[in-house]
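Here is the structure we will look at.
The values are calculated or read from the model by the stated rules, or taken from the named source; none is laboratory data. Only a predicted model underlies this, so the values are computations on that prediction, with no experimental measurement involved. Every residue, glycine among them, receives a Cβ derived from its backbone with ideal geometry; neighbour counts consider all protein chains shown. These accessible areas exclude ligands, DNA and RNA; they are computed on the full protein's heavy atoms, side chains included. Shrake-Rupley method; radii C 1.70, N 1.55, O 1.52, S 1.80 Å.
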Amino acid sequence: MAETIRKPVSDPGMDEPARKLSVDKIEKIIRWVIEKEADARLETYVETCTHCGLCSEACHYYLSYKRDPSYSPVSKVRYTLSDMLKRKGRVDGETVKTYARIAYTECNLCRRCSMYCPFGIDISYLLSLVRRICGLLNVAPQYLQDNTNSHIHTFTQSWVGQDDYVDTVQFIEEELRMEIKNARIPLDKAGAEFMYAPHSHEVTFKTHLLANMAKILNVAGVSWTMPSEDGWENTNQAMHAGYYETMGMIEKKHFEAAFRLKVKKILAGECGHAFRAAVYDGTRWLSWKNPPVTYISAVQFFYELIRDGKIKVAKKIQEPVTLQEPCSFVRNRGLGDMLRYVIKATCEDFIDVKPNYEHNYCCCAGGGVINYGPPWKFVRMEGGRTKIKQLKDTGARIVIAPCHSCHKTIEEMSDFYKLGWHVLFANELLVKTMEIPEGIKATQE
Amino acid sequence: MYEFLTSIELYRFLKGPMVWIAFIVFIGGSIFRICSLMSRAKGSKVLYPYLSVKYSLRSIFHWVIPFASTNMRKRPWITSITFLFHSCLIFTPIFLFAHNMLVRESWNIRWWTLPERTADAMTLIVVFCIVFFLLRRFIAPEVRYVTSASDYIILGTVAAPFISGYLAFHQVFFDYRFMVNIHILSGEVMLMAIPFTRLSHMLFFWFTRAYTGSEFGAVRHSRDF
């Protein structure tokens, strides 16, 4: 079969390490992962797949690139893992780069294809193995490697030091008091019911999200806290890079923060992959079957607040809204109904997407793709065409996207394709519409 | 060579000891493959702990009933052909009159048999379906792109006993003895190939589905169909 044509991309995180690799080193790593680390699924999947191609239409890349067969899930496995197995791991650095490009930039690990494969082959597991191999060989997008380095040094993905974090939290608390009387963001409150775990962007350039969350928690009168020390952030880009040792270290620190504060539950912000890392990948790497502390997502939390009447909606949004269902919350957690409950409670005119629930398309930013920086932005813009079409079909101009990756990429796509959409997090929905009881409103002096 | 292939000695060998060999390899090989899969799975932290009988069955159920899953409904032609193919492939040899006669002669066990015309039609269905799969491998870009030699060999392995069986029964084109020998031989080759080639999807289907069904249903609270 002819070589697939892809536009050349220069990424120092992939080009330079690939040049320095020897065939022996590559062989050693590939064999170690395949023989020692991979489980029974690898062999069974590779032998069971009959190359029927029925997974193709599940993939948004395949659809976005006009049914180019090289983007079908089966071909991504065939030209990475199956190729390694066939060549017994003896490949050169350039080939590893090709594997890396497929596994990192042409798959979002969204698991939609598993639902379309007649055997239920977990193709994203196979591509994760490819990422693992490339990660161990240090051939990964530079920006993703940078995120991982940041995790190692600061336990956050974007180089936020503990001092900056505490300072920002206190600043947000002070600002919030302009609206809510005696508003608190309680740091290190032992025995609280919830420990709020945000994305580090919530204390850098999207501080209004942390402010929103604090506002909701204050209005609902929930007992909550945030740790003042490392482990407060719950994202985990090391999981996407294939640096599983680092992934485990991050989750351990995160859970330890919860143990130290003796909280009952961890409340995760609206970040899909962070939830996935904490509940599945990281937890399993650390040999727990389920997270050692009850882990609930913001989506479920908001649903419970509205259901129990702790948050009352004052005025619903009138314009038509639609929804981007993050894979980590819906396909991989079944929160589709709770999400719709929250939207219907706060919006008058909700237009559902098609296909929806677990069949929804990935936004094309998942699996770390959102973080690869400028060299790979085109991947999201082009691969996201299926998503754009799906959302466009609803006719709504407000898109609810309760996940940092989905939110950012849809906002960027809206800009790129000049659609003028307004993209909202679920917490923004609540803050826009909820009722703030008179008693706790700050009095302006 | 032709003489050897038409010989009664070969026929006796294929009909006698070779049948035993083929079944021993098929059954023994299958047990071996399943046991080694299960023992390898023990080393993983994510397989056994999450298995759930309820969701395994739910997943299998939705993928063995025609049109019970979304992807099947999206592709009605492929679904119909695939189900027709697999049912004819499995049931024709088991309920074929001539096969049952052989079993009856050897052990005096008998079971329900298919009328000759039905069995004939079912054989043709299998052959036509294989032709369809072959054409699909050439024509559909997403399939052609990932097709390798082994995919054709497997189709050939499955087609051979049905084509030769059909020709032997109708006694056309070739000498009957020759065709029967080829038929029995290719049938035995197919049986022996099941555990060691991609045909092993017959064995592994249940396991891959059980895992994915459990992971989707019991752990991630969503559906895989």
Being open to solvent by 10 Å² or more (accessible area, probe 1.4 Å) and away from every other protein chain (no Cβ under 14 Å) narrows A:Thr148, A:Thr95, A:Thr105 down to just A:Thr95
Of the residues in segment A:14-54, those that are among the aromatic types (Phe, Trp, Tyr) and either open to solvent by less than 10 Å² (accessible area, probe 1.4 Å) or at the interface with another protein chain (Cβ under 10 Å from one of its Cβ atoms) (or both) come to A:Tyr45
*Could you tell me whether A:Glu193 is open to solvent by 10 Å² or more (accessible area, probe 1.4 Å) and charged (D, E, K, R)?*
yes
Q. Taking the stated definitions as given, is A:Leu126 assigned to a helix (DSSP H, G or I) and either modelled with pLDDT of 95 or more or in contact with a helix residue (DSSP H, G or I) (Cβ under 9 Å, 6 or more places away or on another chain) (or both)?
A. yes
Self-check item: Check on B:Ser44, over 30 Å from B:Val103 (Cβ atoms), of a type in the set (Ser, Thr, Tyr) and without any contact (Cβ under 8 Å) to a residue 24 or more places away in the chain
Solution: yes
Quiz prompt | Some residue of segment A:280-299 being open to solvent by 20 Å² or more (accessible area, probe 1.4 Å), assigned to a loop (DSSP other than H, G, I, E, B), in contact with a strand residue (DSSP E or B) (Cβ under 9 Å, 6 or more places away or on another chain) and modelled with pLDDT of 95 or more | solution = yes
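Yes or no, residue by residue, for (1) surrounded by fewer than 16 Cβ atoms within 10 Å (Cβ to Cβ); (2) in contact with a strand residue (DSSP E or B) (Cβ under 6 Å, 6 or more places away or on another chain); (3) under 29 Å from A:Arg101 (Cα atoms):
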site	(1), (2), (3)
A:Val369	no, no, yes
A:Pro375	no, no, yes
A:Lys389	yes, no, yes
A:Ala396	no, yes, no
A:Gly420	yes, no, no
A:Ile436	no, no, no
Over segment B:13-58, the set of residues farther than 22 Å from A:Val279 by Cα, surrounded by 12 or more Cβ atoms within 10 Å (Cβ to Cβ) and either in contact with a Pro (Cβ under 7 Å, 6 or more places away or on another chain) or aromatic (Phe, Trp, Tyr) (or both) is B:Phe13, B:Phe23, B:Phe26, B:Gly29, B:Ser30, B:Phe32, B:Arg33
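A quick yes/no check of all residues on (1) touching a residue at least 12 places away in the same chain (Cβ under 8 Å); (2) within 30 Å of A:Trp285 (Cα to Cα):
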position: B:Arg58; (1), (2): yes, yes
position: B:Trp63; (1), (2): yes, no
position: B:Pro66; (1), (2): yes, no
position: B:Arg73; (1), (2): no, no
position: B:Ser87; (1), (2): no, no
position: B:Ile94; (1), (2): no, no
position: B:Phe97; (1), (2): yes, no
position: B:Trp107; (1), (2): no, no
Subset of segment B:123-139, residues open to solvent by less than 30 Å² (accessible area, probe 1.4 Å), away from chain A (no Cβ under 14 Å) and not aliphatic (A, V, I, L, M), comes to B:Thr123
Of the conditions (1) open to solvent by 30 Å² or more (accessible area, probe 1.4 Å); (2) within 10 Å of another protein chain (Cβ to nearest Cβ), the single one that B:Leu84 does not satisfy is (2)
Being in a loop (DSSP other than H, G, I, E, B), over 20 Å from A:Ser22 (Cα atoms), in contact (Cβ under 8 Å) with a residue 40 or more places away in the chain and more than 9 Å from every other protein chain (Cβ to nearest Cβ) narrows A:Cys117, A:Cys110 down to just A:Cys110
- Query: Within segment A:75-88, is even one residue within 8 Å of chain B (Cβ to nearest Cβ), open to solvent by less than 30 Å² (accessible area, probe 1.4 Å) and within 22 Å of A:Glu358 (Cβ to Cβ)?
  - Reply: no
Counting only helices (runs of 4 or more DSSP H) entirely within segment B:140-209, those with at least 2 residues that are of a type in the set (D, E, K, R), more than 19 Å from the chain's Cα centre (by Cα) and within 14 Å of chain A (Cβ to nearest Cβ) are B:141-144
With criteria (1) open to solvent by less than 60 Å² (accessible area, probe 1.4 Å); (2) part of a helix (DSSP H, G or I), B:Ala68 comes up short on (2)
Residues of segment A:217-238 being assigned to a loop (DSSP other than H, G, I, E, B) and open to solvent by 10 Å² or more (accessible area, probe 1.4 Å), in sequence order, are A:Gly221, A:Val222, A:Ser223, A:Ser228, A:Glu229, A:Asp230
B:Asp224 vs (1) in a helix (DSSP H, G or I); (2) within 13 Å of chain A (Cβ to nearest Cβ); (3) touching a residue at least 40 places away in the same chain (Cβ under 8 Å); (4) open to solvent by less than 70 Å² (accessible area, probe 1.4 Å): all pass except (1)
Those residues of segment A:55-74 that are touching a helix residue (DSSP H, G or I) at 6+ places or on another chain (Cβ under 6 Å), crowded, with 24+ Cβ neighbours inside 10 Å and facing chain B (nearest Cβ under 7 Å) come to a total of 2
B:Leu10: passes all of (1) in contact with a Phe, Trp or Tyr (Cβ under 9 Å, 6 or more places away or on another chain); (2) at pLDDT below 95; (3) open to solvent by 60 Å² or more (accessible area, probe 1.4 Å); (4) more than 25 Å from A:Asp122 (Cβ to Cβ) but (3)
